[in-house]
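Asks: First the structure, which I've put down as structure tokens, then a few questions once you've had a look.
Every number in this text was worked out from the coordinates using simple rules, so none of it is lab data. Keep in mind that this is a model prediction, so the values were computed, not measured.
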Amino acid sequence: MLLYGRNPVLEALRDGRVSEVLLARGVEEAFVREIKDMGVRVRFAPRIELDQLAGTTQHQGILAEVEDLAWASVEDILDRAQSRGEDLLIVLLDGITDPRNFGAIIRSAEVLGAHGVAVEERRSAPLSPVVAKTAAGATSHLPVAQTKNLPRLIDRLKEQGVWVYGAAGEAAQDVGRLDLRGPVALVIGAEGEGLRRLVREKCDALVRIPTRGQVQSLNASVAAGILLYEAARARGER
């Protein structure tokens with residue numbers, strides 16, 4: 001996989017997944033020294049060559065060839081919480097197919113202390129360079145798992161004592177009134193469509209984020225970030 005963007009490439013370098021880096025000519029010398037100090041081969045090329053290879057001008061002057069990002073398993077996420085002696089905090093995505101939303105949610109989940117993100121195989125964006133770029137390196141630190149059937153995964157989590165809350169703009173319950181301590185799964189649906197009927201029915205409760213503006217709903221990744229912040233704040237107050 002061709003990875004681009006400074007944070008994603010730097011994280012891949014720290015993980016030892018990069019043998020050579022392609023830098024645009026004219027990149028600031030301090031950044032060049034930082035890359036070289038990591039013991040990797042550096043090759044320079046005109047910026048237009050990086051534009052063509054990345055398929056975008058948003059590469060920040062750096063490209064690297066790395067192994068494809070690997071999916072984790074749900075067990076990896078559960079084990080992560082257990083090994084840390086923490087109550088599970090997992091994000092479940094129902095139909096998030098936009099790679100930038102997917103990457104932004106992964107980033108928020110890692111920053112705010114979630115143990116992982118899980119998606120349904122047939123209803124998700126792939127783990128692509130765009131996802132890695134938007135996640136700003138978080139894909140190197142947070143398990144992102146696939147499941148064949150999201151409603152069944154919800155059933156399994158509930159059997160293990162996990163409370164499952166689905167985000168829905170029309171819900172009666174305000175997220176600020178929830179007790180998000182203890183094992184929690186936060187379910188985020190696709191923009192426009194929201195949660196599928198069966199997924200909604202499996203949730204213990206549907207919750208909304210209070211809004212004041214004229215726009216009817218929040219971007220999926222923004223909604224996920226707010227819910228994750230509320231969970232992190234509640235856990236920090238214990």
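Asks: With Kirkwood's inverse mean 1/r over C-alpha pairs for Rh, give me the Rg to Rh ratio of the chain, two decimals please. Each step should come with its number before you reach the end.
Replies: Values: Rg = 19.3 Å, Rh = 18.9 Å.
The Rg/Rh ratio comes out at 1.02.
Asks: Compute the separation of the alpha-carbon centres of the stretch 25-54 and the stretch 160-197 and state it in Å as a whole number.
Replies: Cα centroid to Cα centroid, the span is 43 Å.
Asks: Let me ask another. May I ask you to evaluate 6.51 cos²θ - 1.76 cosθ + 1.60, the Karplus curve with θ = phi - 60°, for each residue of the stretch 27-44 and list the ³J(HN,Hα) values in order in whole Hz, giving x for glycine and proline?
Replies: Ordered by residue, 3J(HN,Hα) equals 4, 4, 4, 4, 6, 4, 5, 4, 5, 5, 5, 8, x, 10, 5, 10, 10, 10 Hz.
Asks: Would you look at the GNM of the chain, springs on alpha carbons closer than 10 Å, and say which of Arg181, Arg43, Arg17 moves the most?
Replies: Ranking Arg181, Arg43, Arg17 by mean-square fluctuation puts Arg43 first.
Asks: What value, in deg cm²/dmol to 500, does the helix sum -39500 (n - 2.57) over DSSP H runs of n ≥ 4 give at 222 nm once divided by the residues of the chain?
Replies: So the helix-based figure for the chain works out to -11000 deg cm²/dmol.
Asks: Out of all DSSP beta bridges with both ends in the stretch 126-220, state the antiparallel percent to the nearest 5.
Replies: Approximately 10 percent, going by the DSSP bridge assignments.
Asks: Amide H to amide H under 5 Å from Val187: which residues, 5+ apart in sequence or cross-chain, H placed 1.01 Å off N in plane?
Replies: Leu92, Tyr165, Gly166, Ala167
Asks: While we're looking at this one, here's another question. Which ³J(HN,Hα) values in Hz, rounded to whole numbers, follow from the phi angles of the stretch 178-191 under the Karplus curve 6.51 cos²θ - 1.76 cosθ + 1.60, where θ = phi - 60° and Gly and Pro get x?
Replies: Per residue, the Karplus-derived 3J(HN,Hα) values read 7, 9, 9, 7, x, x, 9, 10, 10, 10, 10, x, 5, 5 Hz.
Asks: Can you list the lysines whose alpha carbon sits under 19 Å from that of Lys148, skipping same-chain ones fewer than 8 residues off?
Replies: Lys158, Lys202
Asks: Run through the DSSP bridge list for the chain and note the antiparallel percent, rounded to the nearest 5.
Replies: Antiparallel: roughly 20 percent of the beta bridges in the chain.
Asks: Share of Cα-Cα pairs in the stretch 1-78 beyond 20 Å, in percent?
Replies: Values: 951 of 3003 pairs.
Summing the P(r) tail past 20 Å for the stretch 1-78 gives 32 percent.
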